[in-house]
Amino acid sequence: MPRLFLGLDSSTQSLSAVVIDLDSRRVVYENSLNFDRALPAYKTQNGVLPHRDPLVKHSSPLLWAAALDLLFATMKKDGVELGAIEAVSGCGQQHGSVYLNAKAAAALRNLNPKKSLVQNLAGVLARPTAPIWMDSSTAAECAEIRAKLGGIRATATATGSDTFERFTGPQIRKFFKNEPKAYAATAQIALVSSFMGSLLAGKIIPIDYGDGAGMNLMDIRKKVWHPAALTATAPKLKGKLPPLAPAGQVVGKVSAYFVTKYGLNPEALATVWTGDNPASVIGLGLIKSGQVAISLGTSDTFFGSMQKCRTDARGEGHVFGSPAGGYMTLICFKNGSLAREKVRELYGIADWKAFGKLLAKTKPGNGGAILLPWFEAEIVPRVNTPVVHRFDLDAKDAAANARAIFEAQMLSMRRHSAWMNVAPECIFATGGASADRALLQVLADVMNCRVSRIEVSKSAALGSALLAAHGGLTAAGEKPKWEQLVAGFTVPVAGSEVRPDKRAAKTYDRLLEKFAECEQAALAVL
Ligand code: XUL
């Protein structure tokens, strides 16, 4: 019988599964279920419930539970050897929270396979919907908690991040302030990850150090709930939170619900889940300290692993616990692909090939031209009203603007990741825009570092399957090594390496100073 491990990823728009065969080091099954299309009755748009206030973004915990039933039914139909799965782990979109009342624990313990998960969960939600990471309606609560914790630097030092609107602590505080009765009726607060993992385990399971760090409630160094952060957030909060534990830790056997209904092995192990970004760190193979990945997607994210905890005094970046031990960092830039697209459209450039050709007409450093491309409100640096600035850059010059957008994004990444004090040996680029070699060359030159493309279609679900394997092997008394575990699953695309040009790298060292001055000047007049 093959040794199979299942990883699930409950993300914003979909629930994905990856099954790995540990001995042949192969992904033997992968599938994704889009919430809007598969479960239209929940009326989500891109996984989010419509709301009159554009700052409020909620989704439905029952939708996620329904998706779990549907995905298991699909796996059974597709002939996945569910009986050969030794352990299950998973991850969820970060920061989102689920509010359960006192009936939840018994409902989870007694999941009835004759009913659906949704029917089993009838009457257990203390709040019908779950605020998710896209919500930005808690600016007041962020300010209140930050003030009580002593400002940006103190908050980041204590919890790993400054307070952010999407983080769970500010969301809990808003719920407590606006709906005190429903807050009082809340017996347990789960994250998306721990809620989904609890369904699998048939009991309320811990929150891990990766997702827990996205709450502004966990002491990032001691990895326990932070007493002052709890007090600053809401009364009687500690009693409503589960314990903290490492991702992948075995919490028992899977619930009999999944054994009877879908044929999971009764001996299969249930484990602690994590957040989608911490799971991706594993799925991309970022095990050693200093390994960095840049995801060039809708938003651009910069993340990597870090052995010792170092937090960002300016409060722009985040530090989470890494499922591989130690820490990971995450910096999220909102103006990623959309800003690149915007420049392409503005100058009527047909496609990315034409964009690259145009860019080749200019030299690295762009003659000192700088663009600050905040077409959308930006997370890093914090810019609440969209604005675009050009310094020594002619707005009519298409070629210069094509270069300027790539250089601005990469210079911003270098500038705003300096606090991590990591000198990467090689950067892995992933996400849609990583197929663009011109962009990767600018990245390699600005960072003065080799860049390789890595294409793992479901890095978070794969990371979760590897977590399940790690947890399962550890519980069996083995001492699995992460480097060996991920080997073979996360290989850079052959021939994708881009090396830095030494002259261009020197030019960017100088340009970075000008970029910083321009950014400071622009932020000063906001
Ligand atoms: C990370 C964040 C997002 C979500 C997306 O801080 O908010 O990346 O985890 O699922």
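The values are calculated or read from the model by the stated rules, or taken from the named source; none is laboratory data. It should be emphasised that the depicted structure is a prediction, and the values quoted were computed from it without experimental measurement. Positions of Cβ are generated from backbone atoms using ideal geometry, with glycine treated the same way; all protein chains shown enter the neighbour counts. The accessibility values were calculated without ligands, DNA or RNA, using every heavy atom of the protein model including side chains. Shrake-Rupley method; radii C 1.70, N 1.55, O 1.52, S 1.80 Å.
A few comments on the model shown:
- Ordering Tyr99, Tyr209 by accessible surface, largest first, gives Tyr209, Tyr99; the 1.4 Å probe counts only protein heavy atoms, with every chain in place.
- Potential lengthening between Lys236 and Lys115 on full extension [0.36 nm per residue; Cα-Cα distance subtracted]: 40.2 nm
- Put simply, the amide H of Arg450, placed in the peptide plane, has neighbours under 5 Å in Ile427, leaving out anything fewer than 5 places away on its chain.
- Amide H contacts of Val251 (H built 1.01 Å from N, in plane; Pro and chain starts excluded): Ala270, Thr271, Val272 sit under 5 Å, all sequence-distant by 5 or more or on other chains.
- Spherically averaged projected area of the stretch 89-171 from its Cα convex hull (nm²): 7.2 nm²
- Shape category assigned to the stretch 169-319 from the gyration tensor of Cα positions, a/c cut at 1.5: oblate
- Couplings for the stretch 32-42, taken from phi via the Karplus curve 6.51 cos²θ - 1.76 cosθ + 1.60 with θ = phi - 60°, read 9, 10, 7, 4, 4, 7, 7, 9, x, 4, 7 Hz in order; Gly and Pro are left as x.
- At a probe radius of 1.4 angstrom, the accessible area of the chain per residue rounds to 39 square angstrom.
- For the peptides 453-461, 175-183, 138-146, the ranking by packing is 453-461, 138-146, 175-183, with the highest mean count of neighbouring Cβ atoms within 10 Å listed first.
- Tilt relative to the chain, helix 337-346 - C-alpha long axis, 0 to 90 degrees, to 10: 40 degrees
- Summed side-chain charge close to Val486 - residues other than Val486 whose Cβ falls under 12 Å, Lys, Arg +1, Asp, Glu -1: +2
- Each residue of the stretch 99-116 is assigned a 3J(HN,Hα), and the resulting list reads 10, 10, 9, 5, 7, 5, 4, 5, 4, 5, 5, 10, 4, 9, x, 6, 10, 7 Hz, derived from the Karplus form 6.51 cos²θ - 1.76 cosθ + 1.60 (θ = phi - 60°), x at Gly and Pro.
- Cut-off 13 Å between beta-carbons: net charge of the residues surrounding Ala476, Lys and Arg +1, Asp and Glu -1: -1
- Rounded to the nearest whole Hz, the Karplus-based 3J(HN,Hα) values (6.51 cos²θ - 1.76 cosθ + 1.60, θ = phi - 60°) of the stretch 147-158 follow the sequence 5, 5, 8, x, x, 4, 4, 5, 5, 5, 5, 6, with x at glycine and proline.
- Angle of helix 192-201 to the longest C-alpha principal axis of the chain, folded into 0 to 90 degrees and rounded to 10: 30°.
- Note on the stretch 353-510: Lys pairs 8 or more places apart or on different chains, Cα atoms under 19 Å apart, count 7.
- Cross-link partners of Lys261 among aspartates and glutamates (Cα-Cα below 16 Å; sequence separation of 8 or more within a chain): Asp69, Asp78, Glu81
- Divided by 2.2 N^0.38 Å, where N counts the residues, the Cα radius of gyration of the chain comes to 0.97.
- Distance from the Cα centroid of the stretch 87-118 to that of the stretch 449-518 is 33 Å (rounded to whole angstrom).
- Relative packing of 258-268, 314-324, which averages over residues the other C-beta atoms within 10 Å, highest first: 314-324, 258-268
- For the chain, the longest principal axis of the Cα atoms and the long axis of helix 61-77 meet at an angle of about 80 degrees.
- Take 80-89, 475-484, 492-501 and order them by the average number of nearby Cβ atoms within 10 Å per residue, most first; the result is 80-89, 492-501, 475-484.
- Cβ charges +1 (Lys, Arg) and -1 (Asp, Glu), total dipole of the stretch 399-521, debye: 180 debye
- Straight-distance candidates among the lysines for linking to Lys174, with alpha-carbon spacing under 30 Å and chain neighbours fewer than 8 residues away dropped: Lys43, Lys57, Lys103, Lys148, Lys203, Lys222, Lys223, Lys236, Lys238, Lys240, Lys334.
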